[in-house]
Amino acid sequence: MKKAIHVLEDDADISELIAFLLAESGYEASIFNNIASFKQHGGKSVPALLIIDIMLPDGNGLDICNAWKTDPATKHIPILLMSAYDDYRHDVRASKANGFISKPFDIEVFMDEVGRQLGA
Amino acid sequence: MSSTRAEIDNRLFRDLFLASPVAGYLCDKEGYLLAYNDAAAALWGRRPEIGKEQWCGSFAIYGTDGQPVSLDTCPMARAMRGMEVKEREEIIVETPDGRRRNVLVYPRTIKNHEGELLGAHNTLIDITDYKRQEEKHVMLSEIVQSSDDAIVSKNLNGIITSWNAGAQRIFGYTEDEIVGKPINTLIPPYLTSEEIMIIGEIKEGRKIDHYQTIRLTKSGKEIPISLTISPMRNKQGQIIGASKIARDISEKVQREQTIQFHAQKLETLHAIGKVISEKLDTPAIIQTVIDSTTHLAAANVGLCFYRVSDEQGNSVLSVAATRQGERFKESRDVYLDDGAIHAIFSGSEDIVKFEDMCKAPHVLSLFEATVGIKSPRIRHCLAIPIRSSDGLLIGAMFFGYTQSDVFSTADEDMMRSIALLVAVTLDNARLLEQVNALNLKKNEFIALASHELKTPLTTVKGYLQILERAEIDRIGRRFLTKALKQLERINSLIAELLDISKIEAGKLSFHFETFDLSELVLDIVETFHFSSQTHTIFVNNIHGDYTVEADRQRIEQVIINLITNAIKYSPDANKVTVTLESSPAEVSVQVIDEGMGLSREQQDRVFTRFYQVEGTSKMTGLGLGLYLSKEIVERHGGHIGVNSQLGKGSTFYFSIPRKQAESDL
């Protein structure tokens, strides 16, 4: 069975790129463009990995990360945070997120990180 | 042979006549010259022929009015014709060489017993020297009398012997009142020893010049005077007294005091101007201004109300206050309706004077609101509006006085000038706020723009990397690699711009951690091994303790920047050397290239913003790398520098302390 990965990213092109890369490696990616739709539809299935962009049109990705990491039902799920703001690296380090990807990223580094989080 | 008595007498008279020092001559009954003596010849300057010339031997004659007199109407001619001749008539005799003498003439006719005219004699008294002396004397005494200065003489016993009109005007005594009195009459009791000194000097024959002292007038007033005292001598050269010239210098002294006062004011204005031009901290400027202005205005309390924007950008009314030259409260915000201040200046454009504060409770309340019960009792107040260049009331200064005498002399022009300076300060503060606000917007914009630019960069990089994995021909691969390299350049340029905007905003943040600098250097050098086709990077002295507390990413940025520069500016070389050094207190990194090197002037400027070495058009970039590196190293409490020689390569180095000071963490 394919591993499910939820991606919370507002830019359509970037989410398309990520969906392509994940599908190529045999994952099943669900894309959400904002926090609202993620909250509405994202809870229907529990993913193996959550990838979240920090700057979202309706909120901060760090808040979603913290919410999932404090919920006993979801806190075991690895979370990767992404941003074009390199400065978030330090906020991510202080959070319970499992990793940080700085944009623009190298696709090999990105896929390595995904694989590492999924224990592949 | 014996002579008769008459013969002897005749001889004696003749001799007396000829040898007399007084000029004289004789005429026959027709008026022709019969005889004249040497004195007459000397007076005339000629020797007229006997029996040929009539009336007189003069070359020419003038009246005392300077009009020519013909010889026919000369006193002698008139006397012999029986016309009237004045006793002691004065004429002017001119010699052939043009010399003129003033002469008194005494013509006398000689008649026999029958009254028949036998002849005449004339005596000429030369009074030229006497007349000149007299004129000189009149002139001198006129000078003395008309002088504005007091001219006084005294004898060696200190008794006044003469007194001019100037002396009367300055000291108040008339000549009759003071001549014969001791000079001490004019000297204040505490200065009597001065006179002993002066007399001593005079007796020694010395002069005293422009000696400034104090003298007493008749009315008992003490006035400042300048004295010049000279010894007076008699014809034998003995000192018999002294002449004194005294000048009243009250006005001069007052002028000097005024000048000094103005100079002090100018100095204050200058100091205020200096503070305004050198400081940007508005409350500090206003406090300095009100402190010095209150002192200058000799006020007991000074207040300066002004509007500035607070950190939230709201306009607030602030006040700076000073009490008797001592600031007693820091500048602070006041919760006052500035309608009260507006009302004071509503009817007037200019300074408002409140002679009686009892009648101006609204003004008094300003003092009470600011200074409170500490305020001395303010009886008078000077209020000066501060208007912006467009005429808006943007503040006001209030000077409170407990006494009226200083209040009335306060220099309003000065206050106006200072109010103008304060207005400039407040205008500047407003401009600065606007500039800061704009700068903040600019930095926010750069942050936003760089984020937005990175989003397409992310996808383009992804697309190119996906293409790179596909099977494409050699040419396609070549340009794909180039495209990816250009992408990295765009990315680093955006990062630099973002860093600069952060430095300007003071928001370049650091995250310190403890790590091994040598490991970091090795990691970086390894990536250069992959990316640089032209240069090999050698690392020296890698063994040792290079543990530091620093921002790993920022230090990495610095090292990458130095190595990238070393490669970029040594196109003809093939190696770059990195040397590490450590001491108990700090660690340092040197990056040594074999490139073109830098001149002294280039070395001075290389760390400044947007600086690029000339003649390196192919060396692209924003010229921000070293500026950023310097900022990063200095924020670590470290030092960055360069040693270089043109044509022989450069060594860039930096050192950072092992531990960060507490306040930086």
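Could you pull out every one of the lysines with an alpha carbon less than 16 Å from that of B:Lys575, ignoring same-chain neighbours closer than 8 positions?
Reachable lysines: B:Lys648.
Considering only chain A, what is the antiparallel percent among its DSSP beta bridges, to the nearest 5?
Numbers: 2 of 19 bridges.
Expressed as a percentage, antiparallel bridges in chain A total about 10.
If you average 1/r across every pair of different Cα atoms in the protein assembly as shown and take the reciprocal, what Kirkwood value do you get, in Å? Please list the in-between numbers first.
Working: mean 1/r = 0.0252 Å⁻¹.
Evaluated on the protein assembly as shown, it is 39.6 Å.
Taking a virtual spin label 7 Å from the Cα of B:Thr481 along the C-beta vector, which residues in segment B:515-557 bring their backbone nitrogen under 20 Å of it?
B:526-537
To one decimal place, what orientation-averaged projected area in nm² is obtained for the convex hull of the Cα set of chain B?
Here the figure is 69.6 nm², rounded to one decimal.
Can you tell me the FRET efficiency between A:Thr74 and B:Ala271 if r is taken as the Cβ-Cβ distance and R0 is 60 Å, rounded to the nearest 0.05? Numbers along the way, then the final one.
Working: r = 69 Å, r/R0 = 1.15.
It comes to 0.30.
Got the relative contact order for segment A:4-117 handy, in percent, Cα pairs under 8 Å and 6 or more residues apart?
Value for segment A:4-117: 22 percent.
Round to the nearest 10 and give me the degree value, 0 to 90, for the angle of helix B:128-146's Cα axis relative to the longest principal axis of chain B.
Approximately 40 degrees, to the nearest 10.
Got a number for carbon plus sulfur as a percent of chain B's accessible area, 1.4 Å probe?
Taking all protein chains in place, chain B shows 53 percent carbon and sulfur surface.
In whole Hz, with x marking every Gly and Pro, tabulate ³J(HN,Hα) for segment A:95-112 from phi via Karplus 6.51 cos²θ - 1.76 cosθ + 1.60, θ = phi - 60°.
Going residue by residue, I get 8, 9, 4, 8, x, 10, 10, 8, 8, x, 9, 8, 5, 5, 4, 4, 5, 4 Hz, with x marking Gly and Pro.
Using a probe radius of 1.4 Å on protein heavy atoms only, what is the accessible area buried between chains A and B, both sides summed, to the nearest 100 Å²?
On the way: alone 6620 and 38010 Å², together 42680 Å².
For A against B, buried area totals roughly 1900 Å².
Just list whichever of B:Lys461/B:Lys659; B:Lys252/B:Lys274; B:Lys86/B:Lys111; B:Lys265/B:Lys353; A:Lys75/B:Lys461; B:Lys441/B:Lys568 have alpha carbons separated by over 29 Å in the model shown.
Check vs 29 Å cut-off fails for B:Lys461/B:Lys659; B:Lys252/B:Lys274; A:Lys75/B:Lys461; B:Lys441/B:Lys568.
Within segment B:23-65, whose backbone N sits under 19 Å from a point 7 Å along Cα→Cβ of B:Leu16?
Only B:23-27, B:35-40 pass the distance filter.
To the nearest 10 square angstrom, what accessible area does B:Leu493 show with a 1.4 Å probe?
We get 60 Å² for B:Leu493.
I need the phi-derived Karplus couplings for segment B:602-610: 6.51 cos²θ - 1.76 cosθ + 1.60, θ = phi - 60°, integer Hz, Gly and Pro marked x.
Ordered by residue, 3J(HN,Hα) equals 5, 4, 5, 9, 5, 8, 8, 5, 6 Hz.
Could you state the angle between the C-alpha long axis of helix B:5-19 and the longest principal axis of the C-alpha atoms of chain B, as a value from 0 to 90 degrees rounded to the nearest 10?
That works out to roughly 10 degrees.
Sorted by packing (mean other beta-carbon atoms within 10 Å per residue), highest first, where do B:55-62, B:444-451 land?
On the way: B:55-62: 21.5, B:444-451: 15.1.
The peptides rank, most packed first, as B:55-62, B:444-451.
List the residues whose amide H sits under 5 Å from the amide H of B:Asn37, counting only those 5 or more places along or on another chain, with H placed 1.01 Å from N in the peptide plane.
Amide H to amide H, under 5 Å and 5 or more residues apart or across chains, B:Asn37 pairs with B:Gly24.
Could you tell me, in Å, what Rg and Dmax come out for the Cα atoms of segment B:573-617?
Rg and Dmax of segment B:573-617, Cα atoms, are 14.0, 43 Å.
Can you pull the three principal axis extents for the Cα set of segment B:70-139, in Å, largest first?
Reported extents, whole Å, longest axis first: 52, 26, 15.
Can you work out ³J(HN,Hα) from phi for every residue in segment B:521-529, in order, using Karplus 6.51 cos²θ - 1.76 cosθ + 1.60 and θ = phi - 60°, giving whole Hz and x for Gly and Pro?
Result, rounded to whole Hz: 4, 4, 4, 5, 4, 5, 5, 5, 4.
Average projected area of the Cα convex hull of segment B:402-532, in nm²?
With the hull built on Cα positions only, its mean projection is 16.9 nm².
Report, in cubic angstrom per residue, the convex hull volume of the C-alpha atoms of segment A:4-117.
92
Taking the Cα centre of each part, how many Å lie between segment B:51-121 and segment B:223-251?
49
In the protein assembly as shown, what % of DSSP beta bridges are antiparallel (nearest 5)?
On the way: 112 of 134 bridges.
Close to 85 percent.
Please tell me the relative contact order of chain B in percent, rounded to the nearest whole number, where contacts are Cα pairs under 8 Å and at least six residues apart.
Across chain B, relative contact order equals 5 percent.
Extent of segment B:147-248 along each principal axis, from alpha carbon coordinates, in Å, largest to smallest?
39, 26, 22
Let me know the shape class of segment B:15-163, please: from the alpha-carbon gyration tensor, a ≥ b ≥ c as square roots of the eigenvalues, rounded when a/c is under 1.5, otherwise prolate if a/b is greater than b/c, or oblate.
Cα axes put segment B:15-163 in the prolate bin.
For B:Ser162 and B:Leu317, compute 0.36 nm times the residue count separating them, minus their Cα-Cα distance, and round to one decimal in nm.
48.6 nm
Label point 7 Å out from B:Glu84 along Cα-to-Cβ: which residues of segment B:121-161 have amide N under 18 Å?
What the label zone holds, given the 18 Å backbone N cut-off, is no residue at all.
Considering only chain B, what is the antiparallel percent among its DSSP beta bridges, to the nearest 5?
If I count the DSSP bridges inside chain B, around 95 percent turn out antiparallel.
How long is the gain from B:Phe512 to B:Gln236 if the chain were fully straight, where each residue apart is worth 0.36 nm and the alpha carbon distance is subtracted?
That pair, B:Phe512 and B:Gln236, stretches by 89.0 nm at full extension.
State, to one decimal in nm, how far the label point of A:Phe20 lies from the label point of B:Asp572, with both points 7 Å from Cα in the Cβ direction.
The answer from the label model is 4.6 nm.
Compute the long axis of helix B:412-469 from its Cα atoms, compare it with the longest principal axis of the Cα atoms of chain B, and write down the angle in degrees, 0 to 90, nearest 10.
Its long axis makes an angle of about 20 degrees.
The values are calculated or read from the model by the stated rules, or taken from the named source; none is laboratory data. Because the structure is predicted, anything quoted here is derived from the model rather than measured. Positions of Cβ are backbone-derived with ideal geometry, glycine not excepted, and every protein chain shown enters the neighbour counts. The protein model used for the area step is the full one, side chains on, heavy atoms only, and it has no ligands, DNA or RNA in it. Shrake-Rupley method; radii C 1.70, N 1.55, O 1.52, S 1.80 Å.
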